[in-house]
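Worksheet: the structure to be examined is printed underneath.
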Amino acid sequence: MNAVEAILRALTVILCAIGAFYFFIGTVGMLRLPDFYSRTHAATKCDTVGAGSILLGLMLMQGFGAITLKLIALTALLLLSSPTAGHALARAAFRTGLKPWRSPEHTEGEDAT
Amino acid sequence: MKRALTVALLVVVAIPLLYAVAQLPQHGSPMTPPYTHISPRYLEKGPEEAGAENIVTDVILNYRGFDTNGEVTVIFTSLAAVCAVLLGSRKGDERPAGEPSSSAVPVSDVVSFVVRLLSPLIAIFAVYVMLFGHISPGGGFQSGAILAALVIVTTVIVGRKQAEALVPVRIRRLLQVAAPLTFFVVGVSGLFLFGDYLAYPKTEGQMWLATAWLIVIGIGIGVGGAAVLASIFWTMGDDS
């Protein structure tokens, strides 16, 4: 293994670790965040940053070739579809009247429902 | 009295079932038939016997064709059940028909753009999965799901009227029943040509014929499955 390969391998490991970290954060956010909007926000991070950086890492590992082309197509699909899905969800929820969550101190002065 | 009869009937049914379950080989035991000769046979002889390099396709469409035939019939029956329940319950409904519910949200430009951008690619992918199910992972069921997703996402963007116009009413029934129908046609032609229901061509060196049959069934399952899923979606949309 020469130096370039070693560096690429190291970058792959780092990118995959970042991806795994974002998946973890997204999952925790899914479970722990208070309302629909913030959960949607957390969930879309998994697909864009998480899966995105894992795929990028895999591309570095593969080098040029048919598999890398497939990975690029897959990344493009992910980066297009996941934010769109998040946008559609949040938009539909907002337009149909779901109120975003506010912290309790914030709502104390107002008419709490 | 009625309750006692029910209990008695349940016991009578349960005893043979429990007996049969007790006779089953231990789960995961390497001595069971699937491990001793069935799986190795599929893996070793599948491609040359059944006509597809993808062994999953070999198993579901050839070795276990009967099973899949029943399966597509179940899928079609589920559509019939959904229609029966939803259309039947609507009779007593007093709401005026055809008015969209007030909570409907106008279509987002972002979603609309992305769907328009991706739908040709989704369509190509569905056809690819359908036609190459004998070589690569995929097949009729998967492509049916992809096609149905395409139809559903298109319905969301362009509205139901325009989306439904893509599938004319006259052939819609035919498409919905496409999967069982294809199986029936292929099965019966197997009966006449090769002597058994769902028999495949077995001539040496003419494997492409069996492969062609697999592809035909794959197309039938794909189109039929997509039509069923889309119809269920549309029927449920009637309710809003």
Boolean, B:Glu44 is of a type in the set (Asp, Glu), in a helix (DSSP H, G or I) and over 18 Å from B:Leu198 (Cα atoms): yes
Test: residue in the stretch A:57-66 that is part of a helix (DSSP H, G or I), more than 12 Å from the chain's Cα centre (by Cα) and within 14 Å of another protein chain (Cβ to nearest Cβ): yes
Condition check for B:Ile157: within 18 Å of A:His87 (Cα to Cα) and either modelled with pLDDT of 80 or more or away from chain A (no Cβ under 11 Å) (or both): yes
The stretch A:1-21 residues that are in contact (Cβ under 8 Å) with a residue 40 or more places away in the chain, paired with ones that are of a type in the set (Gly, Ala, Ser) and assigned to a helix (DSSP H, G or I) (beta carbon under 8 Å, 6 or more apart): A:Leu11/A:Gly57; A:Thr12/A:Gly57; A:Val13/A:Gly57; A:Ile14/A:Gly57; A:Leu15/A:Ser53; A:Leu15/A:Gly57; A:Cys16/A:Ser53; A:Cys16/A:Gly57
Of the criteria (1) part of a helix (DSSP H, G or I); (2) at pLDDT below 90; (3) within 11 Å of chain B (Cβ to nearest Cβ), which one A:Glu105 fails: (3)
Members of the stretch B:130-162 that are touching a residue at least 40 places away in the same chain (Cβ under 8 Å) and more than 17 Å from the chain's Cα centre (by Cα): B:Ile135, B:Ser136, B:Thr155, B:Val156, B:Ile157, B:Arg160
Any hit, the stretch A:72-87, residues being within 14 Å of another protein chain (Cβ to nearest Cβ) and not in a helix (DSSP H, G or I): no
Condition met for B:Leu147 (hydrophobic (A, V, I, L, M, F, W, C) and at pLDDT 80 or above): yes
Candidates B:Thr211, B:Thr182, filtered to the one that is in contact with a helix residue (DSSP H, G or I) (Cβ under 6 Å, 6 or more places away or on another chain) and either farther than 21 Å from B:Val74 by Cβ or hydroxyl-bearing (Ser, Thr, Tyr) (or both): B:Thr182
Some residue of the stretch A:22-37 being among the polar types (S, T, N, Q), in contact with a Gly (Cβ under 9 Å, 6 or more places away or on another chain) and at pLDDT 90 or above: no
Subset of the stretch B:173-196 [surrounded by 15 or more Cβ atoms within 10 Å (Cβ to Cβ) and closer than 17 Å to B:Val72 by Cα]: B:Leu175, B:Gln176, B:Val177, B:Ala178, B:Ala179, B:Pro180, B:Leu181, B:Thr182, B:Phe183, B:Phe184, B:Val186, B:Gly187
Only one of B:Ala52, B:Ala104 that is modelled with pLDDT under 80 and touching a helix residue (DSSP H, G or I) at 6+ places or on another chain (Cβ under 6 Å): B:Ala52
Verdict on A:Thr44 being within 14 Å of chain B (Cβ to nearest Cβ) and buried (at least 16 other Cβ atoms within 10 Å of the Cβ): yes
The stretch B:124-149, subset more than 18 Å from B:Gly220 (Cβ to Cβ) and of a type in the set (A, V, I, L, M, F, W, C), residue farthest from the other protein chains (Cβ to nearest Cβ): B:Ile135
All positions within the stretch A:88-101 that are within 14 Å of chain B (Cβ to nearest Cβ), among the charged types (D, E, K, R) and either within 30 Å of A:Met1 (Cβ to Cβ) or exposed (fewer than 15 other Cβ atoms within 10 Å of the Cβ) (or both): A:Arg95
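The values are calculated or read from the model by the stated rules, or taken from the named source; none is laboratory data. Since this is a predicted model, take the numbers as computed values, not measurements. Cβ sites come from the backbone with ideal geometry, for glycine too, and all protein chains shown count toward neighbours.
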